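Structure record follows, encoded as structure tokens.
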Amino acid sequence: MEYYSQRKHLMEAFRTDCQTLITRFELTYNIHFQNFCEIWKDMQFSLVFTCHSSEAALMSFCEDALSITKQFLINTSSEKERVCALYLMYGIYYKMPTDQLKIRMTLSDWKCLMELHRRIKEKEYLDANYILCKMIVDNAFIYCISDREYGIERHFYKKQEQPKLNVNLMPEIKDLAAPGKLLSTIGRLSKIYEKKKRVLCDAEGNSSLQLYDAKMADDIVNSIRIMQSESRIFAKSNMDPEPSCSKPSTISSSNSETVQKGQKRIRLRKNRILSKIGRAFEKGLESESEEEQDDSDTNSEIEFMEDA
């Protein structure tokens, strides 16, 4: 967690330096690349690639730096500032000590870049035109659907933590796993497909044709039901009253050990299931357990007030 906090502060500082450089360029009288180079050297901008703790940290910084400079290029309103952002992106890309990274461009980003290119050619900004054409020819851009990579692995999950959305996905999971719904239908069709394949191709025992697991959908449904059941057990175990002080301490310790073992078992099973269906569902499972616990607490309070 400390690493992500340090990384966030580092990128905020880099963003501030980029804004300072662009502002200084905006206050000058011309739009030539030589003018940008003088400001770059005066601010010693090449030092942003030094003093990183590891090669992985440097690669992560370069990736974020390219993303930030691209955002300045896309979102800045002034034409002169956008040209400066183009120079800045050019400088970062060719000065960074690796050639493994590309600038991620979505369709909307590319349209904005082509619009800037059109204006550059109309106004005959030769420096900017040459730089943009050189980056295109050198394949500096990679065309993709989003600014960030997405995946179910834990490091992707942590990178995409901000901003959090308070969404409970468990109702949608239950709906998918219900009889006659998507997963059940996939499971039924998979069995029919497997049966027909064996009749037509005599694929029984032929491993080269076993490219699809017909039980995959059923396994996911069973895993969801087990997770749902164990989440409820976990919520109920948290609501059990603590033993009174008059009972022996051995009973208290044994109960505590039992609860801890149960919680550990549930966490291990939950992690195995989430590795299959994606960790985006983890928040929904936690929310459902909390809702069930809150309902039980409310019922207990009502019963206590009635007894009183």
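Just so it is clear, none of the values below were taken in a lab; they were calculated from the coordinates. Note that this is a predicted model, so its numbers are computed, not measured. In this analysis, Cβ positions are derived from the backbone assuming ideal geometry, glycine residues included, and neighbour counts consider all displayed protein chains.
Things to note:
- Exposure proxy shown here: for E38, E63, the number of other Cβ atoms within 10 Å sets the order, fewest to most, as E38, E63.
- Pairs exceeding a 23 Å alpha-carbon distance, out of K197/K270; K41/K121; K195/K270; K41/K70; K95/K121: K197/K270; K41/K121; K195/K270; K95/K121.
- Here the peptides 260-267, 120-127 are ranked by packing, the mean other Cβ count within 10 Å, and the order with the highest first is 120-127, 260-267.
- For I103, residues with placed amide H under 5 Å, excluding near neighbours: F141, I142
- Cα gyration tensor shape for segment 27-110, rounded if a/c is under 1.5, else prolate or oblate: oblate
- V137 versus H32: modelled label distance in nm, points set 7 Å from Cα along the beta carbon direction: 2.2
- Cβ-Cβ FRET estimate between T106 and D213, R0 fixed at 45 Å, reported to 0.05: 0.85
- Each peptide in 112-119, 85-92 gets a packing score, the mean of other Cβ atoms within 10 Å over its residues, and the list from highest to lowest is 85-92, 112-119.
- Between V199 and K123, the simple spin-label model (points 7 angstrom out along Cα→Cβ) gives 7.1 nm.
- Gyration tensor (alpha-carbon) shape descriptor, segment 56-158, a/c threshold 1.5: prolate
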